[in-house]
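In what follows, a single structure is set out as structure tokens and then discussed.
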Amino acid sequence: MTYSVSQLLTQDISLQPVDIKGWVRTFRANRFIALNDGSTINNIQCVVDFENTDEALLKRITTGAAVHIKGELVESQGKGQSVEIQVTSIEILGDSDADAYPIQPKKHSFEFLRENAHLRTRTSTFSAVMRLRSALSFAVHKYFTENGFYNMHTPIITGSDAEGAGEMFRVSTLDAKQPPINETGEVDYKEDFFGKETNLTVSGQLEAETYAMSLGKVYTFGPTFRAENSNTSRHLAEFWMIEPEVAFMDLDGNMDLAEDFLKSVLAYVLEHNREDLEFLEKRLLDEEKTKPQAERSEMSLIEKIKFVVDNNFKRVSYTEAIDILRQSKPNKKKKFKYLIEEWGADLQSEHERFLVEKHFKCPVILFDYPANIKAFYMRLNEDGKTVRAMDILFPGIGEMVGGSQREERLDVLKEKMKALDIPEEELWWYLDLRKYGTAVHSGFGLGFERLVMFATGMGNIRDVIPYPRTPQNAEF
């Protein structure tokens, strides 16, 4: 049978004939092949009997070549591995031009690897990142399935702007050079494919709410899009969102759910992806050594994940958080880039990280935010100025989750939409939920790439998605 590298390194099958396929990472001294097939961070050493191997074949064993090896698994004579393969036959499945192959066995910059994103998972770092991404994705579905949620696929093409941000990609089949014009001189979208102006979705939340109000507990896990012209290390134009919605659940239940969910999926990778985490942790520690002492992280990667899994999240009102930040040393000494001067300020990453890493020293859930800095669908509190919103803050990254108890009262929701100039006819179906059997319900959104960044320690969001979509970049 054909084995994977992972199987050969973890199962007791020594002194047996083995059959394996993979890609050559290195070939030393015409004798030692480091072979990897993507199943593990580790390579397996394959020892070639070069004296009895055709010279022309040896020349074709180059970095990046795909090979089929047969041999015997034996205890390794060298350091660094417990077993190795004594090769009895080798077949070249796909040659690799050694001089032109971009992923040479040396250190590459992440910028260079983004330019070669189709090959970057041939490196140890990116294969580890993408295995962790896959494991986290599985853990998400596992958690919700085991807790009675139904998965739903919300529309990717939508006529509504769930976030009210307006930064959406238009979907149209109209002639870009000569679109039809109506009597007011504007583009006539009635002539378009869908008969109205449509965009790529920024969130599946509103549609998920409709299903929660009949199926009880649902979640979406799908692609979302934002046409924000931002070239930072934290923004993508295409990203994946996890959005559960639950009927008959208030904000307290929502906070309980989000905390339990995050601890569960991170505990899963701690248990199942230890080798990849240990490799990425070592990479981070090596990187930290090059930074000034003041900029170094106080926790290693695995410590940071355990910090979330093992600690109860501290729940703090926005009002209390503002008081803490206003009185803090960084604020008083003007060390914050954005100084906190009054209630109503929109918190930045530096404030969120101060609360988590310096003040409370545990993950933090902030709740009851000012209504004017949050979305229209969040439930208005009795004070008339705050809403039942919550954000979960993590070390090193700031906001990880944003959610709320949704506004279930028809009259209040209509008033909020009117104040924000959101036409009722655009969201008639959303308002219907408040007409026919309305009830308290809540949900949250989690940008999946943010979670992958946290679990892998990667500093740029472009390095945790296979092919990043950013301003001026839609390669591959």
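For the stretch 418-476, name all the residues that are of a type in the set (A, V, I, L, M), part of a loop (DSSP other than H, G, I, E, B) and over 23 Å from Ser233 (Cα atoms). If the condition is that a residue be of a type in the set (A, V, I, L, M), part of a loop (DSSP other than H, G, I, E, B) and over 23 Å from Ser233 (Cα atoms), then Leu420, Ile422, Leu433, Ala439, Val440 are the ones that fit. Beta carbons closer than 6 Å, at least 6 apart along the sequence or on distinct chains, pair a first residue in the stretch 217-240 that is more than 20 Å from Leu200 (Cβ to Cβ) with a second that is of a type in the set (Asp, Glu) for Val218/Glu245. Residues of the stretch 44-65 that are touching a Ser or Thr at 6+ places or on another chain (Cβ under 8 Å) and within 23 Å of Ala128 (Cβ to Cβ): Gln45, Thr63, Gly64, Ala65.
Quick grid of which residues meet (1) under 24 Å from Lys418 (Cβ atoms); (2) part of a strand (DSSP E or B):
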{"position": "Lys177", "(1), (2)": "no, no"}
{"position": "Glu183", "(1), (2)": "no, no"}
{"position": "Phe194", "(1), (2)": "no, no"}
{"position": "Leu206", "(1), (2)": "yes, no"}
{"position": "Thr210", "(1), (2)": "yes, no"}
{"position": "Ser214", "(1), (2)": "no, no"}
{"position": "Tyr219", "(1), (2)": "no, yes"}
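Quick check: anything in the stretch 365-379 over 30 Å from Leu301 (Cβ atoms), β-branched (Val, Ile, Thr) and open to solvent by 30 Å² or more (accessible area, probe 1.4 Å)? Walk me through how you get there before you give the answer.
Step one: of the stretch 365-379, the residues over 30 Å from Leu301 (Cβ atoms) are 368-379.
Narrowing the set further to residues that are β-branched (Val, Ile, Thr) leaves 373.
In the following step, the residues that additionally are open to solvent by 30 Å² or more (accessible area, probe 1.4 Å) were identified as 373.
Yes, the stretch 365-379 has at least one match.
Would you be able to say whether some residue in the stretch 137-151 is β-branched (Val, Ile, Thr), outside any loop (DSSP other than H, G, I, E, B), over 20 Å from Ile41 (Cβ atoms) and modelled with pLDDT under 95? No, the stretch 137-151 contains no residue that is β-branched (Val, Ile, Thr), outside any loop (DSSP other than H, G, I, E, B), over 20 Å from Ile41 (Cβ atoms) and modelled with pLDDT under 95. Within the stretch 266-305, the set of residues being of a type in the set (Asp, Glu) and either closer than 21 Å to Val5 by Cα or assigned to a helix (DSSP H, G or I) (or both) comprises Glu271, Glu275, Asp276, Glu278, Glu281, Asp286, Glu287, Glu288, Glu295, Glu303.
With respect to (1) modelled with pLDDT under 95; (2) not in a helix (DSSP H, G or I); (3) not small (Gly, Ala, Ser), the lone exception for Asn312 is condition (1). Picking from residues in the stretch 267-314 that are within 26 Å of His359 (Cβ to Cβ) and of a type in the set (Ser, Thr, Tyr), the one that is least open to solvent (accessible area, probe 1.4 Å) is Ser300.
Kindly provide the set of residues from the stretch 73-98 that are in contact with a Ser or Thr (Cβ under 7 Å, 6 or more places away or on another chain) and of a type outside the set (A, V, I, L, M), ordered by number.
Result: Glu75, Ser76, Ser82, Glu84, Ser96.
I'd like the residue in the stretch 200-235 that is of a type in the set (Gly, Ala, Ser) and surrounded by fewer than 18 Cβ atoms within 10 Å (Cβ to Cβ) and, out of all such residues, is nearest to Thr438 (Cα to Cα). Across the stretch 200-235, the extreme among qualifying residues is Ser214.
Any residue that is open to solvent by less than 20 Å² (accessible area, probe 1.4 Å), under 30 Å from Val218 (Cβ atoms) and either modelled with pLDDT of 95 or more or touching a Gly at 6+ places or on another chain (Cβ under 9 Å) (or both) - is there at least one of those in the stretch 112-132? The answer is yes, given that some residue of the stretch 112-132 is open to solvent by less than 20 Å² (accessible area, probe 1.4 Å), under 30 Å from Val218 (Cβ atoms) and either modelled with pLDDT of 95 or more or touching a Gly at 6+ places or on another chain (Cβ under 9 Å) (or both). Of all residues in the stretch 389-417, those that are under 22 Å from Gly344 (Cα atoms) and assigned to a helix (DSSP H, G or I) total 5. Of the residues making up the stretch 21-47, just one is open to solvent by 50 Å² or more (accessible area, probe 1.4 Å), under 28 Å from the mean Cα position of the chain (by Cα) and among the hydrophobic types (A, V, I, L, M, F, W, C), namely Trp23. Confirm whether Glu320 is in a helix (DSSP H, G or I) and open to solvent by 70 Å² or more (accessible area, probe 1.4 Å). The answer is yes for Glu320.
On inspection, Glu245 passes the criterion of being part of a strand (DSSP E or B) and touching a strand residue (DSSP E or B) at 6+ places or on another chain (Cβ under 7 Å). Checking the stretch 182-197 against the condition returns a match, with at least one residue being buried (at least 17 other Cβ atoms within 10 Å of the Cβ) and either touching a strand residue (DSSP E or B) at 6+ places or on another chain (Cβ under 6 Å) or not acidic (Asp, Glu) (or both). Quick check on my filter: what residues within the stretch 376-388 are touching a residue at least 24 places away in the same chain (Cβ under 8 Å) and either assigned to a strand (DSSP E or B) or small (Gly, Ala, Ser) (or both)? Matches in the stretch 376-388: Met378, Leu380, Thr386, Arg388. Here the stretch 175-211 is the region considered, the condition is being of a type in the set (Val, Ile, Thr) and over 15 Å from Pro155 (Cβ atoms), and the residue that is nearest to the chain's Cα centre (by Cα) is Val187. Of the residues making up the stretch 258-277, those that are under 14 Å from Phe313 (Cα atoms) and not acidic (Asp, Glu) are Ala258, Phe261, Leu262, Lys263, Ser264. Scanning the stretch 236-266 for residues that are under 17 Å from Phe448 (Cβ atoms) and open to solvent by 40 Å² or more (accessible area, probe 1.4 Å) gives Glu238, Trp240, Ser264. The C-beta contact set for the stretch 102-122 (first residue more than 16 Å from Tyr467 (Cβ to Cβ), second residue open to solvent by 60 Å² or more (accessible area, probe 1.4 Å) and outside any helix (DSSP H, G or I), distance under 6 angstrom, 6+ apart or interchain) is empty. Kindly establish whether Ser297 is more than 19 Å from Met400 (Cβ to Cβ) and more than 18 Å from the chain's Cα centre (by Cα). Here the answer is no, as Ser297 does not meet what is asked. The set of residues from the stretch 82-101 being open to solvent by 40 Å² or more (accessible area, probe 1.4 Å) and either in contact (Cβ under 8 Å) with a residue 60 or more places away in the chain or more than 33 Å from the chain's Cα centre (by Cα) (or both) comprises Ser82, Gln86, Thr88, Ser89, Glu91, Leu93, Asp95, Asp97, Ala98, Asp99.
The values are calculated or read from the model by the stated rules, or taken from the named source; none is laboratory data. Keep in mind it's a predicted model, so treat the numbers as computed, not measured. Methodologically, a virtual Cβ is constructed for each residue, glycine included, from the backbone with ideal geometry; neighbour enumeration extends over all protein chains shown. These accessible areas exclude ligands, DNA and RNA; they are computed on the full protein's heavy atoms, side chains included. Shrake-Rupley method; radii C 1.70, N 1.55, O 1.52, S 1.80 Å.
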